[in-house]
Amino acid sequence: MEKKEIKSLTLPELQEEMAQLGEKSFRASQMYEWMHRKLARDYEEMSNIPAAMKAKCGERYRYTALKIAAVQESAVDGTKKFLFALSDGNVVESVWMRYKHGNSVCISSQVGCRMGCRFCASTLDGLVRNLTPAEMLDQIYAITLETKERVSNVVVMGSGEPLDNYDNLLRFITLLSDENGLHISQRNITVSTCGIVPMMRRLADEKLQITLALSLHAATDEKRRELMPIANQYTLAELMACCAYYFEQTGRRITFEYSLVRHVNDSGKDAQMLASLIRGLNCHVNLIPVNPVKERNYVQSERHSVEAFAALLQKKGINVTVRREMGRDIDGACGQLRRRFLAEMKEG
């Protein structure tokens, strides 16, 4: 029988488990604090837990503590990209970014991805497996320990499609925002999706206070289908209706992620169509100069095109920002570091 993953248990679940082991309820609270506040890397670090109880837990539960396989640090802005080794030999990556308002970590939700977005390196080798809640959490915990700085914002926008790992994502959010753990406010958690409409509606019904970021990248169905295979399943009309529903249920405005690709989706006409598409929605547009991926032939838009695109949206009364480029000198695009690592492993 496969061991339960102890770091993926909520505090009430852990109390129940400890009761079954014949331990007192306060032991569960102590252990939960060690795992989610003190960020202990194993049972042995838990100095006020009896040895016999640690031994029982070691036999019965799996304890997730990711190992850092590689770190790249940007000489430009101090951004750090981490490659983590999982217990089964797979690797995932996360990015730590320092901003004026605090430190952000972008984590992965899957090993690989099956969504096939054309400008993303994560999806080139397909989906290997989902990450567990503990594996998602521990990317943040390991980075906090390594940098010795608190993380105040978390973005689930690394490798993988979070809504394709829905139940684990929800449990991760519960644990991350729990007042007995790191207690990161849901308002400081962003979940990115390529647009799986039924799962977006399901998420809306949870009435969480997280930010939902939709990877849009085009203002017509035809163009979006070229860039994102998911667009063959759900039209922009369905997506916009879903976004309106999300706001209605949660009161949280949607963020539209729009990667600007030179001569593909960055013209004045594209900006006009985008403004028409999202008119009336409570939203924010995040323009992203695309990170070049060597396996694809997409080229980043020129600076003047990016500025003109943003200006046109602003003129139409749309809230827009251009994402500051972080870590361009360290395999910045999602999935690049993992792919390079796996290629080197094969060659080695």
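Values quoted throughout were computed directly from the atomic coordinates according to the rules given, and no laboratory measurement underlies them. Just so we're clear, the structure is a prediction, and the values are computed from it rather than from any experiment. All Cβ positions, glycine included, derive from the backbone under ideal geometry; neighbour counts span all protein chains shown.
Label zone (K316, point 7 Å along Cα-to-C-beta; backbone nitrogen cut-off 18 Å) within segment 216-231: 216-225. Once the convex hull of all Cα atoms in segment 67-347 is built, its volume per residue stands at 127 Å³.
Where in segment 250-282 does the label zone of E226 land, with the point 7 angstrom along Cα→C-beta and an amide N cut-off under 16 Å? Once the point is set 7 Å along Cα→Cβ of E226, 259-274 turn out to lie under 16 Å by backbone N, inside segment 250-282. Listed by chain and number, the aspartates and glutamates placed with their C-alpha closer than 18 angstrom to that of K54 are E5, E13, E16, E17, E23, E33, D42, E44, E45; residues fewer than eight positions away on the same chain are left out. Checking the cross-link pairs K67/K148; K81/K207; K7/K81 against a 26 Å limit on the alpha carbon distance flags K81/K207 as lying beyond it. Here the gap between T174 and F247, fully extended at 0.36 nm per residue and compared with their Cα-Cα distance, gives a gain of 24.2 nm. The angle separating the long axis of helix 166-177 from the principal Cα axis of greatest extent in the chain is about 70 degrees. Under the definition of Cα pairs under 8 Å and six or more residues apart, what whole-number percent is the relative contact order of the chain? Relative CO of the chain lands at 15 percent.
For segment 4-62, the C-alpha radius of gyration sits at 0.97 times the compact-globule guess of 2.2 N^0.38 Å, with N the residue count.
Here each label is just a point 7 Å from Cα along the line to Cβ, and for R37 and K56 those points are 2.3 nm apart.
Placing +1 on the Cβ of every Lys and Arg and -1 on the Cβ of every Asp and Glu, with nothing else charged, gives the chain a dipole about its Cα centre of roughly 580 debye.
With axes computed from alpha carbons, what is the tilt in degrees of helix 51-60 against the longest principal axis of the chain, rounded to the nearest 10 within 0 to 90? Result, in degrees: 50.
If you take every DSSP beta bridge fully contained in the chain, what fraction is antiparallel? Give it as a percent rounded to 5.
Of those bridges, close to 45 percent are antiparallel.
Using every pair of separate Cα atoms, the Kirkwood estimate puts the hydrodynamic radius of segment 6-158 at 16.9 angstrom. Close amide H contacts of V320 (hydrogens built in the peptide plane, cut-off under 5 Å, sequence separation of 5 or more or a different chain): V285.
Helical runs (DSSP H, four residues minimum) scored at -39500 (n - 2.57) apiece and divided by the length of the chain put the mean residue ellipticity at 222 nm at -11000 deg cm²/dmol.
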